[in-house]
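Enquirer: This structure is in structure tokens; I'll ask about it shortly.
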Amino acid sequence: MAQLAFEEIVETFQYLDDWEDRYRHIIELGKEMPKLKIDSKTEKNKVNGCASQVWLNSSIERSDKQSVYYFDGESDALIVSGLISILRCLYNGLPVSEVITVNFENEMDRLGLREHLSSQRSNGLRSMVNRIRHTAKSSLTTLC
């Protein structure tokens, strides 16, 4: 099940009939993204496989009951920053064990992104999701 913030994006996309309006909405989401601190823009946080510069800074918050995944990100392209914002709405605040079970493709299909993003943007989006999943899986192995 997707996060409430992601469901709100889905509802907004359903309201926006024209893909250009949806595209503008993604760009607005990117403009609203907080900038990463300069010390987070490291090679370790850089996502390979993206046409734009992309950094994801992940963290795991542990409590007695569970570990929860969070990340911040930034790109030098507003549309990509908007895609990062969408991913944050989908993944931030999930228990780590759920991060790896999210059906990313189905969730993106709900937004109609697959048929409207260039192959480069789609590959970059997939690279970001792979990084998110990898971080979650790695944290699960360190918890065991």
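The values are calculated or read from the model by the stated rules, or taken from the named source; none is laboratory data. Everything numeric in this text was worked out from a predicted model, so none of it was measured. Glycine gets a Cβ as well: all are built from the backbone with ideal geometry, and neighbour counts include every protein chain shown. These accessible areas exclude ligands, DNA and RNA; they are computed on the full protein's heavy atoms, side chains included. Shrake-Rupley method; radii C 1.70, N 1.55, O 1.52, S 1.80 Å.
Enquirer: Test of understanding: in a Gaussian network model of the chain with alpha carbons linked when under 10 Å, which of SER59, SER40, SER119 would top the mean-square fluctuation ranking?
Expert: Sorting by GNM fluctuation, first place goes to SER119.
Enquirer: Excluding residues on the same chain fewer than 8 positions from LYS37, give the aspartates and glutamates whose Cα lies under 13 Å from its Cα.
Expert: ASP72, GLU74
Enquirer: Follow-up question, since we're still on this one. Could you sort GLU11, GLU98 by accessible area so the largest value comes first, with the probe set to 1.4 Å?
Expert: Correct descending sequence by accessible area is GLU11, GLU98.
Enquirer: Sticking with this one: If you roll a 1.4 Å probe over the heavy atoms of the protein chains, what accessible area per residue do you get for the chain, in Å²? Could the numbers behind the result be given before it?
Expert: Values: 8100 Å² over 144 residues.
Solvent-accessible surface per residue comes out at 56 Å².
Enquirer: Give me the one-decimal nm value for the distance between modelled label points at ASP17 and ARG62, 7 Å along each residue's Cα-to-Cβ direction.
Expert: Using points 7 Å along Cα→Cβ, the separation is 5.3 nm.
Enquirer: Show that you can apply the helix-only estimate: for the chain, add -39,500 (n - 2.57) for every DSSP H stretch of four or more residues, divide by all residues, and state [θ] at 222 nm to the nearest 500.
Expert: -17000 deg cm²/dmol
Enquirer: Using a 1.4 angstrom probe on heavy atoms only, work out the carbon and sulfur share of the accessible area of segment 25-126 in %.
Expert: For segment 25-126, the apolar C and S fraction of the accessible surface comes to 45 percent.
Enquirer: So if each residue of separation counts as 0.36 nm, and I subtract the Cα-Cα distance between ASN106 and GLU7, what length gain in nm does that give? Don't skip to the answer; put the middle values down first.
Expert: Details: separation 99, 0.36 × 99 = 35.64 nm, distance 1.30 nm.
Here the segment from ASN106 to GLU7 would lengthen by 34.3 nm.
Enquirer: What aspartates and glutamates sit close enough to LYS65 to cross-link, taking a C-alpha to C-alpha distance under 20 Å and skipping anything fewer than 8 places away on the same chain?
Expert: Within the straight-line limit of under 20 Å, LYS65 reaches these aspartates and glutamates: GLU98.
Enquirer: Same structure, new question: For the chain, what is the charge dipole size about the Cα centre, in debye to the nearest 20, if Lys and Arg each add +1 at the Cβ and Asp and Glu each add -1 at the Cβ?
Expert: So the magnitude is around 720 debye.
Enquirer: For the chain, set up a GNM with springs between Cα atoms under 10 Å and report which of ASP18, ASP76, ASP64 has the largest fluctuation.
Expert: Judging by the Gaussian network model, the answer is ASP64.
Enquirer: Further question on the same structure: Any number yet on Rg/Rh for segment 69-138, C-alpha, Kirkwood?
Expert: Values: Rg = 11.6 Å, Rh = 12.4 Å.
When Rh is taken as the Kirkwood radius, the ratio is 0.94.
Enquirer: Further question: Using Cα pairs closer than 8 Å and at least 6 residues apart in sequence, work out the relative contact order for the chain, in percent.
Expert: Rounded, it is 28 percent for the chain.
Enquirer: What residue among SER63, SER52, SER118 has the largest mean-square fluctuation in a Gaussian network model of the chain, using Cα springs under 10 Å?
Expert: Largest GNM mean-square fluctuation: SER63.
Enquirer: When we measure straight from the Cα of LYS35, which lysines land under 25 angstrom away, once same-chain ones fewer than 8 places off are left out?
Expert: Within the straight-line cut-off, LYS35 pairs with LYS44, LYS46.
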